[in-house]
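*Asks:* Have a look at this one before I ask anything.
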Ligand code: 5GP
C-alpha cells in the first residue's frame with residue numbers, strides 16, 4: 001500500500017517496516033553499550049510509544065525494566081500547547097537510570113515537561129529515546145540522546161502513531177499529503 005486514507009486525509013508511504021526495524025536495532029545497540037552493568041527503567045509514554053517500546057525491548061540484552069505513563073497534548077495535526085500531567089507513575093524512580101521511550105519529539109514541550117517532572121523525583125539519570133525527531137519544529141532545548149529518525153516538518157502516522165485515533169496499526173510510516 002503506497003497511499004492510505006484516514007478520516008478522509010491522504011497519506012503516502014515514507015518509511016518501511018524494514019527501515020524501522022534496522023533503525024530500532026541501532027538504537028538498542030547504543031543503549032546496550034551505554035547501560036552495560038546498569039539496570040535502566042524504560043519509561044514509555046503512551047499511547048504512541050507502544051510499538052517502538054515493544055520492538056526496542058526485544059533487542060536489549062542488558063537487565064532492564066519497563067513501565068508506562070500517559071502525557072498527551074496532541075489533537076489532530078497541530079500541537080494544542082496544552083500539556084497534561086504525567087499519569088500512572090506509581091513506582092519510585094529515586095536513584096534509577098530512566099530512559100524515556102517516546103514516539104516523536106515535535107515542539108519538545110512534552111519531553112521538556114516530562115524531564116522536569118521526573119527530575120523532582122531524584123532519578124540517577126534521565127535520557128530520552130525517541131523514534132522520530134523533527135528538529136525544524138523544536139521550540140525548547142530538549143536533548144534526545146537516542147533517536148531512530150530525524151524527519152522534516154511533516155505529519156506522520158503508522159507504527160503506533162495516530163491521526164485522531166486511527167492509523168496506529170500500520171507497520172510502516174506514512175506522510176500526510178497536503
Ligand atoms: P511535542 O510536545 O514535542 O510538540 O509533541 C509530542 C507529541 O505530539 C508526540 O508524542 C505525538 O503524540 C504528537 N505528534 C507530534 N508530531 C506528530 C506527528 O507527526 N504525527 C503524529 N501522529 N503525532 C505527532
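*Asks:* Within the range 124-145, which residues are under 18 Å from residue 15 (Cα atoms) and under 13 Å from the mean Cα position of the chain (by Cα)?
*Replies:* 130, 131, 132, 133, 134
*Asks:* Which number in (1) more than 9 Å from the ligand (Cβ to nearest atom); (2) loosely packed, with under 15 Cβ neighbours inside 10 Å; (3) in contact (Cβ under 8 Å) with a residue 12 or more places away in the chain marks the one condition that residue 145 misses?
*Replies:* The failed condition is (2).
*Asks:* Another question, if that's okay. Could you pull out the residue among 150, 120 that is more than 10 Å from the ligand (Cβ to nearest atom), closer than 28 Å to residue 62 by Cα and out of contact with any strand residue (DSSP E or B) (no Cβ under 8 Å at 6 or more places or on another chain)?
*Replies:* Step by step, each of 150, 120 is checked, and only 120 is more than 10 Å from the ligand (Cβ to nearest atom), closer than 28 Å to residue 62 by Cα and out of contact with any strand residue (DSSP E or B) (no Cβ under 8 Å at 6 or more places or on another chain).
Let's see how each residue does on (1) within 16 Å of the ligand (Cβ to nearest atom); (2) in a strand (DSSP E or B); (3) more than 14 Å from the chain's Cα centre (by Cα):
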site: 26; (1), (2), (3): no, no, yes
site: 32; (1), (2), (3): no, no, yes
site: 51; (1), (2), (3): yes, no, no
site: 57; (1), (2), (3): no, no, no
site: 62; (1), (2), (3): no, no, yes
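Values in this text are rule-based calculations from the coordinates and carry no lab data. Keep in mind the model is a prediction, meaning the values are calculated, not measured. Note that each Cβ is placed from the backbone with ideal geometry, even for glycine, and that neighbours are counted across all protein chains shown.
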